[in-house]
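Peer 1: One structure coming up, written as C-alpha cells, with questions to follow.
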Amino acid sequence: MDNRTSKQNYYLDIADSVLERSTCLRRKYGAIIVRSDEIISTGYNGAPRGRRNCSDLGVCTRESLKIPSGERYELCRSVHAEANAIISASRRDMIGATIYLVGRDAATNQLLPDAMSCSMCKRQIINAGIEKVVIRVTPTEYKTIMVSDWIENDDSIFYPEK
C-alpha cells in the first residue's frame, strides 16, 4: 500500500513552506505554479523589491485603519503571492498549469480555511493561462477551482439594481 503524501498535498506543503518568507503582518500566503509535475515558480506576499516590508516597519496600514479583509488592497504594501509567482514565470510555461495556494493568519499561524485569490490575482491567473487553482483548507484537505469557472462567472461585472 502506498502511504505517500498525495501530489496535491506535496505541492501544498511546498507552498506552505514558501509562505514562511512572507513579510505581511496580517496574512501569510505562499503560492507555487506547477506544470507537468515541474515547479515553474514560487511566490509569497511581501513589499515590492527594495521597499521596506511591513514586518520591518512593524505596522500594517490596513490593520491600523481597521480595514476588513478583502477590501482596499490599494493601501496594502504587499505584492500578493500569486502575483509574485506569476511575475517569476514565463507565460508559455504557465499555460495549462496549476497554482497551489496556502494562507495562514500571521499572528496565530493557523491555516485560513477560507483562503482565496483576490479579484486582481484572479485576473492575473486567468491571463497567465493557468488552468486550476488548488487551495489548502486543512492540513490534508484542499479545494480545486477550475479557472474556467472564474471566466464564466465573472465577479467583476456590476449590474446596478433598477
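The values are calculated or read from the model by the stated rules, or taken from the named source; none is laboratory data. Note that the structure is predicted; figures quoted are calculated from it, not measured. Quick reminder, even Gly has a Cβ in these numbers, built from the backbone with ideal geometry, and neighbours come from all protein chains shown. In case anyone asks, the SASA skips ligands and DNA or RNA and just uses the protein heavy atoms, side chains included. Shrake-Rupley method; radii C 1.70, N 1.55, O 1.52, S 1.80 Å.
Peer 1: Kindly indicate the residue of the stretch 70-87 that is at pLDDT below 95 and small (Gly, Ala, Ser) and also farthest from residue 45 (Cα to Cα) among those meeting that condition.
Peer 2: 70
Peer 1: Looking at the stretch 1-34, which of its residues are touching a strand residue (DSSP E or B) at 6+ places or on another chain (Cβ under 9 Å), assigned to a loop (DSSP other than H, G, I, E, B) and hydrophobic (A, V, I, L, M, F, W, C)?
Peer 2: Selection gives 24 alone.
Peer 1: Next question, about the same structure. Does the stretch 41-58 hold any residues that are buried (at least 21 other Cβ atoms within 10 Å of the Cβ) and either part of a loop (DSSP other than H, G, I, E, B) or touching a residue at least 60 places away in the same chain (Cβ under 8 Å) (or both), and which are they?
Peer 2: If the condition is that a residue be buried (at least 21 other Cβ atoms within 10 Å of the Cβ) and either part of a loop (DSSP other than H, G, I, E, B) or touching a residue at least 60 places away in the same chain (Cβ under 8 Å) (or both), then 45 is the only one that fits.
Peer 1: Of all residues in the stretch 113-131 being touching a Gly at 6+ places or on another chain (Cβ under 9 Å) and modelled with pLDDT of 95 or more, which is farthest from residue 78 (Cα to Cα)?
Peer 2: In this case the residue turns out to be 131.
Peer 1: Go through the stretch 82-108 and count every residue that is open to solvent by less than 10 Å² (accessible area, probe 1.4 Å) and part of a loop (DSSP other than H, G, I, E, B).
Peer 2: Final tally of qualifying residues: 1.
Peer 1: Yes or no: residue 67 among the β-branched types (Val, Ile, Thr) and either modelled with pLDDT of 95 or more or open to solvent by 60 Å² or more (accessible area, probe 1.4 Å) (or both)?
Peer 2: Values: among the β-branched types (Val, Ile, Thr): yes; either modelled with pLDDT of 95 or more or open to solvent by 60 Å² or more (accessible area, probe 1.4 Å) (or both): no.
No; evaluated as a whole, the condition is false for this residue.
Peer 1: Please enumerate the residues belonging to the stretch 1-21 that are touching a residue at least 24 places away in the same chain (Cβ under 8 Å) and open to solvent by less than 90 Å² (accessible area, probe 1.4 Å).
Peer 2: Correct list: 8, 9, 11, 12, 14, 15, 16, 18, 19.
Peer 1: Right, something else. Which members of the stretch 63-81 meet the condition of being closer than 19 Å to residue 115 by Cβ and either among the aromatic types (Phe, Trp, Tyr) or not in a loop (DSSP other than H, G, I, E, B) (or both)?
Peer 2: Answer for the stretch 63-81, where residues must be closer than 19 Å to residue 115 by Cβ and either among the aromatic types (Phe, Trp, Tyr) or not in a loop (DSSP other than H, G, I, E, B) (or both): 63, 73, 79, 81.
Peer 1: Which residues, taken from the stretch 22-40, are open to solvent by 40 Å² or more (accessible area, probe 1.4 Å) and either touching a Gly at 6+ places or on another chain (Cβ under 7 Å) or within 18 Å of residue 51 (Cβ to Cβ) (or both)?
Peer 2: Listed by number, the residues that qualify are 25, 27, 29, 35.
Peer 1: Tally time: how many residues in the stretch 57-115 are touching a strand residue (DSSP E or B) at 6+ places or on another chain (Cβ under 9 Å) and not aliphatic (A, V, I, L, M)?
Peer 2: Residues of the stretch 57-115 touching a strand residue (DSSP E or B) at 6+ places or on another chain (Cβ under 9 Å): 69, 77-90, 93-106, 109-115.
When the remaining residues are screened for being not aliphatic (A, V, I, L, M), the result is 69, 77-78, 80, 82, 84, 88, 90, 93, 96, 98, 100, 103-105, 109-110, 113-114.
Going through the stretch 57-115 one residue at a time, the tally reaches 19.
Peer 1: Please go through the stretch 117-145 and give me each residue that is open to solvent by less than 70 Å² (accessible area, probe 1.4 Å) and among the aliphatic types (A, V, I, L, M), ordered by number.
Peer 2: Listed by number, the residues that qualify are 125, 126, 128, 130, 133, 134, 135, 137, 145.
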